[in-house]
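A short worksheet on the structure shown next.
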Amino acid sequence: MKRKIIIMSMAAVITAVSVTSSFADSISEYKEELQQNEDKMDEVQSQLNQTSSEKSTAKEEVEKLDNELNQVNSEYENLVQELDDTNKQLSQAQEDLAAATAKRETQYDTLKSRIRVMYEEGDIGYMEILLDANSFSDYLNRMEYINRIMDYDNNLLADFQALETLINDKVNEIEECKQELEVLTAEKATKKAELDNKVQEKLELISKLSSDEATYNQQLADLEEDNEYIKSLIQKAEKEAAAAAAAAKAAASNAASYSSSNKIYSYGGGKFLWPVPAYVGIINDVYGYRSSPISGSGEFHSGLDMRAPYGTDIVAADNGTVIYSGVRNGYGNCVIIDHGDGFSTLYGHNSSLCVTVGQSVVRGQVIAKAGSTGYSTGAHLHFEVRINGQYVDPNPYL
C-alpha cells in the first residue's frame, strides 16, 4: 500500500510538471502567434497608410486636372463659337463680294456700251447735242451735262472697283483668321482629349486604391479578430494552467487518500493510451452513478469526463478502425474506434472531427478536437471503453 501511495505521489508530481510544461508550451505558442499577428498587422497598416497616401495624392491630381480641363473646355468652346462666327462672317463677306463684283461687272458693261457707241458714231452724237443748243448758255449747260455723265460713269466704275477690292481684302483676312482658329481649335481638342485620358487614368487608379484600402481594412479586421481570439486563448490557458497546477499539487499532497472518487487518476497498467496527452490523469467526473450536471437528477455515467479545454487534441487510445464519426445523440460530435478482440473506445463532445468511418488509425493519432457539443456543460472529453459493445469502467484499461 505504501508503495502504491509513493507511486501515485510520483505520478501526481510528474503530472503537475507535465501539465505545467504543456500549458507553458501552449501559452508560449499562443504568444508567438499573437506576435506574428501583430507584426502582420503592422505590415498591413503600413500598406494601408501608403495606399491611402497614394489615393489622396491621386485625388489632388484629379482635382488639378479637372480645373485644367474646365479651363481648356471653356477655351475650346469659345474657339468653336468664334470659328462659327467667323464662318458666318466669311459667308456674308463672300456674298457681299459676289454682289460687288456683279455691280462692277454691270457698270463696266454699261461703260463699255457707252464707249462702243461713241466709237461707232464718233463724236457726232455729242456734237449734235451741242449744236442743237439755243444759245451759248444752253451750249455750256449741255457741255456740262455731257461731262457729268462721263465723270459719273468713270467715278461709279472706280467706286465699284474700290468696293470690290475692299471686300476681297476682307474675305482674305477672314479666311486667314478662320485658318488660325481651325489650328487653335484642333490644338485645344487634342489637349482636351489628353486631359480626359489623364483624368480617366487617375480615376481608375483611385478605384483600384479604394479596392486595396477595403482589402487591407478587412485584413486588419480579421487580424484584430484573430488577436482577440488568441488573447482569450492565452487568458484561458493561463487560468487553466493555474487551476491544473493547483489541482495536481493538491492531488500530490493527498495521494495517500486516493480512492475511485478522486479527480486525479494514475495509470492503471491497462492497454490504452490516455486520449488527452496534454492533460494526462486529470478528470472532471468519474465512471458510475452520479448527479446529472444538467438535470440534477441521479444517473449512471458510462465513462470518464477528462479535462480537455476547447480545441485540445484528442488522440486514439490504440490502433484500430474508425467505425463511427459524426453526431450521436447526447455525445455530440463523436468518434468510435474498433480495436479488435471485442474492444472499442468512444470519444464524445468534440468541437470537430479529424477522421472518417473506415479509416485506420494508430495509437496517439489526432482524431478530434475537444469541445462541448451534445449534452455538455463545458469543454471536456467524454471517454468510454466498451467490451463487445458494453461499456465498462475505463480506469483499469488506461
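The values are calculated or read from the model by the stated rules, or taken from the named source; none is laboratory data. Bear in mind the structure is a predicted one, so any value in this text is a computation, not a measurement. Glycine also receives a Cβ, built like all others from the backbone with ideal geometry; neighbour counts cover every protein chain displayed. We work out accessible area using only protein heavy atoms, side chains counted, and drop any ligands, DNA or RNA first. Shrake-Rupley method; radii C 1.70, N 1.55, O 1.52, S 1.80 Å.
The residue of the stretch 207-231 that is farthest from residue 42 (Cα to Cα), among those that are hydroxyl-bearing (Ser, Thr, Tyr) and open to solvent by 50 Å² or more (accessible area, probe 1.4 Å), is 207.
A single member of 305, 285, 313 is open to solvent by 20 Å² or more (accessible area, probe 1.4 Å), in contact with an Asp or Glu (Cβ under 7 Å, 6 or more places away or on another chain) and closer than 27 Å to residue 237 by Cα, and it is 285.
The single condition among (1) at pLDDT below 85; (2) closer than 30 Å to residue 229 by Cβ; (3) open to solvent by 90 Å² or more (accessible area, probe 1.4 Å) that residue 24 does not satisfy is (3).
Quick grid of which residues meet (1) closer than 30 Å to residue 307 by Cα; (2) among the basic types (Lys, Arg):
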site	(1), (2)
190	no, no
204	no, no
211	no, no
215	no, no
219	no, no
232	yes, no
239	yes, yes
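Does the stretch 340-367 hold any residues that are open to solvent by less than 30 Å² (accessible area, probe 1.4 Å) and either over 12 Å from residue 326 (Cβ atoms) or touching a Pro at 6+ places or on another chain (Cβ under 9 Å) (or both), and which are they? The answer is 340, 342, 344, 345, 346, 347, 349, 361, 367. For first residues located in the stretch 205-222 and within 26 Å of residue 36 (Cβ to Cβ) and in a helix (DSSP H, G or I), partners that are open to solvent by 40 Å² or more (accessible area, probe 1.4 Å) and at pLDDT 90 or above and lie 6+ apart or on another chain with Cβ distances below 6 Å form the pairs 216/47. Per the listing 33, 68, the residue uniquely open to solvent by less than 90 Å² (accessible area, probe 1.4 Å) and within 14 Å of residue 230 (Cα to Cα) is 33.
The combined condition, being surrounded by 15 or more Cβ atoms within 10 Å (Cβ to Cβ), under 48 Å from the mean Cα position of the chain (by Cα), acidic (Asp, Glu) and assigned to a helix (DSSP H, G or I), is not fulfilled by residue 60. Just so you know, in the stretch 316-332 the residues that are under 42 Å from the mean Cα position of the chain (by Cα) and surrounded by fewer than 21 Cβ atoms within 10 Å (Cβ to Cβ) include one that is farthest from residue 375 (Cα to Cα), and it is 326.
Have a look at 317, 368, 308 and point out the one that is touching a residue at least 12 places away in the same chain (Cβ under 8 Å) and either in contact with a Gly (Cβ under 7 Å, 6 or more places away or on another chain) or part of a strand (DSSP E or B) (or both). So the residue among 317, 368, 308 that is touching a residue at least 12 places away in the same chain (Cβ under 8 Å) and either in contact with a Gly (Cβ under 7 Å, 6 or more places away or on another chain) or part of a strand (DSSP E or B) (or both) is 368.
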